[in-house]
1. Apply the a/c threshold of 1.5 to the C-alpha gyration tensor of the range 1-77 and tell me whether it is rounded, prolate or oblate.
2. Along Cα→Cβ, 7 Å out, is where each label goes; now give me the distance between the ones at M4 and I155 in nm to one decimal.
3. Using only helices, what value at 222 nm comes out for the chain when you add -39,500 (n - 2.57) per DSSP H run of length 4 or more and divide by the total residues, to the nearest 500 deg cm²/dmol?
4. Could you tell me the distance between the Cα centroids of the range 49-102 and the range 104-180, to the nearest Å?
5. To one decimal place, what Kirkwood hydrodynamic radius in Å is obtained for the chain from all pairs of distinct Cα atoms?
6. Using only the Cα atoms of the range 116-194, what do you get for the radius of gyration and for Dmax, in Å?
7. Tell me, in nm to one decimal, what length is gained between T191 and A172 on full extension, where the rule is 0.36 nm per residue of separation less the Cα-Cα distance?
8. Report the full-extension gain for the segment D76 to N96: residue separation times 0.36 nm, less the Cα-Cα distance, to one decimal in nm.
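Only the coordinates and a few stated rules stand behind these numbers; no lab work does. Computed from a predicted structure; not experimentally measured. No Cβ is skipped: glycine too gets one built from the backbone with ideal geometry, and neighbour counts run over all protein chains shown.
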Amino acid sequence: MATMPDVRDWIRAHVEPVGAIETAHERPWATVLRVPIAGRVAWFQACAPVQAFEPRLSAELYSRWPDRVAQVLGYDEERSWLLLADAGTPIGASGNPPEAWLTALPLYAELQRGETAHAREHLAHGVPDLTVVTLPARYEDLVRQDLPLEADEVICFREFAPRFSTLCDALARHDISESVQHDDLYMGIVTPPP
């Protein structure tokens, strides 16, 4: 990440902090800063190279789906920086109630369907290619890893690889449009729809 003064100056170009900017967490894929602003919080994210696609993708999704994606207050594609408005309390904080998913998942499915028109553009800008034809090789790579599983479980997963490949091939033969897959659909980040 750039120097903290550079980050703070960039943040201040987009919002007016009303308190100390603090590190919320540091992960291998990103460093996230909590930015208090009048009446709410914003979140700055400095993405590692593995997530360098995220600022642009988030801005694109917000431009088309402002009712389903956190408000993008600013982004810098070159530096992989992203500034988001707080989207509310994640459903995990309220016990992960199933009814929240019954509301959120149809909205997410609409977004997925709508983004099929932009899938090639997303891939061209670095979003990982998780199209069906790539999945068998990814599965093979996964099962070659040192997984935190019992030996017999690893054997089962490895033996399933040919069947998984067959299923993917069958699915690929159908006329199903592919969309963006971002890995951010979990109870710690999904907030109840308004």
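1. In terms of gyration-tensor shape, oblate.
2. Output for this residue pair reads 5.3 nm.
3. Values: 6 runs with 75 residues, N = 194.
When only DSSP H runs of four or more count, the value is -12000 deg cm²/dmol.
4. 22
5. Final number for the Kirkwood radius of the chain is 19.0 Å.
6. 15.8, 45
7. Full extension of this stretch gives 3.6 nm more.
8. Working: separation 20, 0.36 × 20 = 7.20 nm, distance 3.30 nm.
Additional length available on full extension: 3.9 nm.
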